[in-house]
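Report on the following structure.
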């Protein structure tokens, strides 16, 4: 519950600050909202917050049961971990937020990813994931890439420099996307290895003792 509340607070804070600053610079709130939902960070944190909130409010509902599946929560861990890693390595140096913007930035890119990792380790039961699931998990970033390229072609605006077709061309963006796909698969495989061989250790020990 604490993690879900933190996620919603950070998301709402970033949206509020973005709209307020946009209005101060003459940008319509609708344009700011559309741009807000163009970032993988926002969409991933939104997925995380919804995935924690719905099972808390309606655990027996269809969506509540679906969102609390260990496999889906493992996929969310892959996405939020990539958010933290890419931000730390490629994006942090591109801007210098202060005040409340720094608070929101820190929550979305550092605190929530680290807290979700702890949550996954301690409270998400083993999913006994198959190896090919790491490729399935590419569907979310793949859909995001398609949306980003389509949106960029229409308005010539891209949320991240490594996806900027205007500067890199489609060949450069395709290369960067392939590299990122490998990172997603590697992270997914690492989580699957942990899920299959380490998360199940307590279960195996109990079976041997019984």
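The values are calculated or read from the model by the stated rules, or taken from the named source; none is laboratory data. Since the model is a prediction, treat every value here as computed from it, not as a measurement. When we count neighbours, we look across all protein chains shown, and the Cβ atoms used for this are built from the backbone with ideal geometry, even at glycine.
Going by the conditions given, is residue 169 over 21 Å from residue 83 (Cβ atoms) and either out of contact with any strand residue (DSSP E or B) (no Cβ under 9 Å at 6 or more places or on another chain) or without any contact (Cβ under 8 Å) to a residue 24 or more places away in the chain (or both)?
yes
Does residue 77 fit the bill of being in contact (Cβ under 8 Å) with a residue 12 or more places away in the chain, surrounded by 13 or more Cβ atoms within 10 Å (Cβ to Cβ) and either out of contact with any helix residue (DSSP H, G or I) (no Cβ under 6 Å at 6 or more places or on another chain) or within 18 Å of residue 12 (Cβ to Cβ) (or both)?
Here the answer is no, as residue 77 does not meet what is asked.
One line per residue, one yes/no per condition, for (1) free of Cβ contacts under 8 Å to residues at least 40 places away in the same chain; (2) more than 20 Å from residue 163 (Cβ to Cβ):
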{"position": "97", "(1), (2)": "yes, yes"}
{"position": "101", "(1), (2)": "no, yes"}
{"position": "108", "(1), (2)": "no, no"}
{"position": "111", "(1), (2)": "no, yes"}
{"position": "116", "(1), (2)": "no, yes"}
{"position": "119", "(1), (2)": "no, yes"}
{"position": "123", "(1), (2)": "yes, yes"}
{"position": "128", "(1), (2)": "no, yes"}
{"position": "135", "(1), (2)": "no, yes"}
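Quick one: which of 27, 83 is at pLDDT 95 or above, under 26 Å from residue 156 (Cβ atoms) and either more than 13 Å from the chain's Cα centre (by Cα) or buried (at least 21 other Cβ atoms within 10 Å of the Cβ) (or both)?
Residue meeting the stated conditions: 83.
Of the residues that make up region 169-183, is at least one more than 29 Å from residue 70 (Cβ to Cβ) and touching a helix residue (DSSP H, G or I) at 6+ places or on another chain (Cβ under 7 Å)?
Yes, region 169-183 contains at least one residue that is more than 29 Å from residue 70 (Cβ to Cβ) and touching a helix residue (DSSP H, G or I) at 6+ places or on another chain (Cβ under 7 Å).
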